[in-house]
Structures are given as C-alpha cells and as structure tokens.
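Below is one structure, written out as structure tokens, with a few remarks after it.
The values are calculated or read from the model by the stated rules, or taken from the named source; none is laboratory data. Because the structure is predicted, anything quoted here is derived from the model rather than measured. Neighbour counts run over all protein chains shown; Cβ positions are idealised from the backbone, glycine included.
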Number of protein chains: 2
Amino acid sequence: MTSMDRTSLTRLPHLASSDRAELDRLLDDAVVGHFAFAVDERPVVMPTAIARDGDRILAHGSTGSGWMRVLSSGVPASLAVTAFEGLVVARSAFESSMLYRSAVLFGGCEPVKSRPHKERALDVLTEAFLPGRVVEIRRPTTRELAATLVLSFPIVEWSLKISTGWPDDTEDDVTGPAWAGLVPMSTTVDGAHAAPDLAAGIPVPASVRALAGRRSPP
Amino acid sequence: MTSMDRTSLTRLPHLASSDRAELDRLLDDAVVGHFAFAVDERPVVMPTAIARDGDRILAHGSTGSGWMRVLSSGVPASLAVTAFEGLVVARSAFESSMLYRSAVLFGGCEPVKSRPHKERALDVLTEAFLPGRVVEIRRPTTRELAATLVLSFPIVEWSLKISTGWPDDTEDDVTGPAWAGLVPMSTTVDGAHAAPDLAAGIPVPASVRALAGRRSPP
C-alpha cells in the first residue's frame, strides 16, 4: 500500500478535510495523542501528551521509557489526535454518531537532542498544557534534561475528519415520533486543589487561574 | 518480543494496576478507543467509539470502511483507551504531568455475525453512549444491519496505568516559591439542540435529559 493509499484509508468524502488550518486547530486544542508503531512486527498503541510546534508535533517522556526509545529510533509510526465533542442523536441507532474531530498522521519521530532545542521544546509542551506556566517555575536542570526524551514528529502526511453536525435521518424517520438533535460536550476545569505540602501564603498562580475559566474540547 | 514483554512495555511500577475492576471502570467511562494495526507492515492508528460488554470491547462501523474490514480479519491489533482527567501541576516542569487513566490491550478483533448477536451488540453500543436510548427508537432494519460491521475485541492481554495524584517535587522545590496542586477536569454536557427538521411537539427524550445532568471523565 502506498503512502497515498494509507492516508486515504481514513477518508470518508463527506467528512474529510484537507484544511491545514483546521488540522492545526485540532492539534492545538488536543493535549493527548496516540502513537502506533510496531514492536517485533506486532502493533502497539500508546497515549501521550502532545503539543504542536509549527510543522511538527512534540512529545516527551522519560529516557527510561521503552516505548519512547523505540519511537525515537525513527521507526514508522502513526499518530492519532482525536477530539470527542458530543453526540449526534439521530432518530435511529444507525444514523446516530459522534461529534468529533480526528486527525491521523503518518511518519516517524526524531529525538530533539541539543540542549537549547530540548529546553525550548519542553517550554512549548509546558505552555501547551498550562499557558503562562513557564515564567512561574524554575528552569530545568541539566540532570532533568538528560533524563527527558523529547520527540519531534513532522506534520507531513495526514488526514483529517470533522463530523458535520445534524443527524441525517431518512424521510420516514423524520416524520416519525423520535427526537433528534445534537448534544455537544466539552472539557471543564473543576477548580484547583493545592498540594498538601504547599507552603502557607503561596497563591494560586495566574496560569492556573486563567485555566479555571476555560472550557475546551477534550 | 513475547506478549508478556509487550504488555510490560507499558508498565511503570508506581502507576501500573492489575485491577480488572479498575480496567472495567475505565472502559465503561470511555467512549473512544484507538486501534493500532498494520497495513502492509506500516502501523496505522484509528479512533473509534467503543463499549465494554463483559469480557469484550465492541466497536462498529460501515462495511464500507477499509480499516474496519482490515481489523475484522483478525490481524494483530492493539487498543488504547485513555481518560484525560486533568493536570498535575508541580513546582517544576519536570515533575508536572497529567491526571489520567490509560489502558492498552493486545489481541485481535472478531466480527459479530449472526443477526441476534449483532442487534444486541449494537444495542450495547447505543446504550453506552446514551443510556436509555434503545427503547426510544425503532429497531434496526435488515438493510442497516447488513451495512454495519460489528467488531468484538476480547479483554485478555492488557495493562493499566492510573496516575496517582499529587505532585512529587524535590525538597528544594517544596521549600521554593512555586505553587503546586491538581487541576481536575471533566467532560460536561452543553445542553441539547433539536435538529432543524424536528417536528413540532416532540420533547427532549428522557435519555438526553438524563445525560444533561452528567459530568464524567472524557
């Protein structure tokens, strides 16, 4: 199967989008991605935190992580980034579905190696999860950087699907008695809970306060 | 790599759980899973709606879906089910992480073929996404059943990781100025929006009304 075939495997004409801006919006909204790769010819899938940085996706983990080390060797990989955003409630089970945005990318990871690039990549990851956090905390130490594997996955070959909204029931069903509609869902922040060992007098920082007001897709 | 090695690839001692009840709780809370498999020896990952049914996980799609047909042939597959549930905000980027629950399963799918088994499996899926919906809608037609592929993935080989909560900062950081804590997040339902073609006088059904009051992990 050529790479073109592989990408088009994920395409349904009425849902597919080739809009890079829409892809970026999904990658920027999402905090979790799922990497697939092979270990001794058997497929493995692993979830991990991700952040987009221009034309690449960053991930990170411990240098002690076996699967991160496999990925960092550049083996063929696929990365899915999915936002579940609610239910499309049709008048039949058959037409019912989910509100979602979903990207599948193909390629391979490269490790980010030099100290300045690694530090910058980790800052991008930190800011993606908690914007404004980098200036509130100390810089990473040499030891921490050495213990961290940073992976870069280029955004080259990808497909994007965005569910299109209202249910598409048959005429018979539309005139029937069942309800139909959309039930959108989003992720909400349920407050901030100070660590039990937090010293007295340290207030909730601006980054966390700003997050508390946000609602976003999962 | 033996299957034992493959499963333990996902284990970190302080996070791993072998508690089947915890696995089931995650599988029951989640609505999306990510399947990994190979197409011409290249890894592919695909998101899809899932539901647990006893000792198996169900998924479904169109008989026209290329990747669902690949999976239904029983090729080796891996399935990740992940619940992102917030942020662990430590005093350093290094110790910061996510609140999550994550399962990775290994095995292969079987198609559910006989009509009664297929109907029942589709009911399980419908009820998993929108409890109470099955009795509100008509039964699937012969044509709809023929156009639907139902996959069953047995829960046999799996690993489970559950993040354990409070940040684990170094002593130096604990006595420093930075805040630390947890920021839990959950999925909330943002109301129900009737389809534009909904006939007058059809009320929001009990299934959707019940969902509106629910908060759950994504």
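Please enumerate the residues belonging to segment B:130-143 that are touching a helix residue (DSSP H, G or I) at 6+ places or on another chain (Cβ under 9 Å) and either within 11 Å of chain A (Cβ to nearest Cβ) or under 19 Å from A:Pro177 (Cα atoms) (or both).
B:Leu130, B:Pro131, B:Gly132, B:Arg133, B:Val134, B:Val135, B:Glu136, B:Ile137, B:Arg138, B:Arg139, B:Pro140 - these are the residues of segment B:130-143 that are touching a helix residue (DSSP H, G or I) at 6+ places or on another chain (Cβ under 9 Å) and either within 11 Å of chain A (Cβ to nearest Cβ) or under 19 Å from A:Pro177 (Cα atoms) (or both).
Quick check, is B:Asp190 touching a strand residue (DSSP E or B) at 6+ places or on another chain (Cβ under 7 Å), at the interface with another protein chain (Cβ under 7 Å from one of its Cβ atoms) and charged (D, E, K, R)?
yes
Pick out the one residue from A:Ala93, A:Ala77 that is among the small types (Gly, Ala, Ser) and over 26 Å from B:Ala121 (Cα atoms).
On inspection, the qualifying residue turns out to be A:Ala77.
Of the residues A:Leu87, A:Leu99, which single one is under 23 Å from B:Val45 (Cα atoms), more than 10 Å from chain B (Cβ to nearest Cβ) and not in a helix (DSSP H, G or I)?
Step by step, each of A:Leu87, A:Leu99 is checked, and only A:Leu99 is under 23 Å from B:Val45 (Cα atoms), more than 10 Å from chain B (Cβ to nearest Cβ) and not in a helix (DSSP H, G or I).
Can you pull out the strands (runs of 3 or more DSSP E) entirely within segment B:125-218 that have at least 3 residues that are hydroxyl-bearing (Ser, Thr, Tyr)?
B:181-189
Within segment B:105-120, which residues are away from chain A (no Cβ under 11 Å) and of a type outside the set (S, T, N, Q)?
Those that are away from chain A (no Cβ under 11 Å) and of a type outside the set (S, T, N, Q): B:Cys109, B:Glu110, B:Pro111, B:Val112, B:Lys113, B:Arg115, B:Pro116, B:His117, B:Lys118, B:Arg120.
Quick one: how many residues across segment A:32-67 are at pLDDT below 95 and surrounded by 21 or more Cβ atoms within 10 Å (Cβ to Cβ)?
The total comes to 0.
Report, ordered by the first and then the second residue, all pairs with beta carbons closer than 7 Å, sequence separation of six or more or different chains, a first member in segment A:153-167 that is within 14 Å of A:Leu79 (Cα to Cα), and a second member that is part of a strand (DSSP E or B) and among the aromatic types (Phe, Trp, Tyr).
A:Glu157/A:Phe106
Which members of segment A:25-68 meet the condition of being over 22 Å from B:Gly74 (Cβ atoms), facing chain B (nearest Cβ under 10 Å) and over 17 Å from the mean Cα position of the chain (by Cα)?
Selection gives A:Ser62, A:Gly64, A:Ser65, A:Gly66, A:Trp67.
For segment B:153-174: of the residues being at the interface with chain A (Cβ under 7 Å from one of its Cβ atoms) and surrounded by fewer than 19 Cβ atoms within 10 Å (Cβ to Cβ), which is modelled with the lowest pLDDT?
B:Trp166
Could you tell me whether segment B:169-179 includes any residue that is hydroxyl-bearing (Ser, Thr, Tyr) and within 27 Å of B:Gly33 (Cβ to Cβ)?
The answer is no, given that none of the residues of segment B:169-179 is hydroxyl-bearing (Ser, Thr, Tyr) and within 27 Å of B:Gly33 (Cβ to Cβ).
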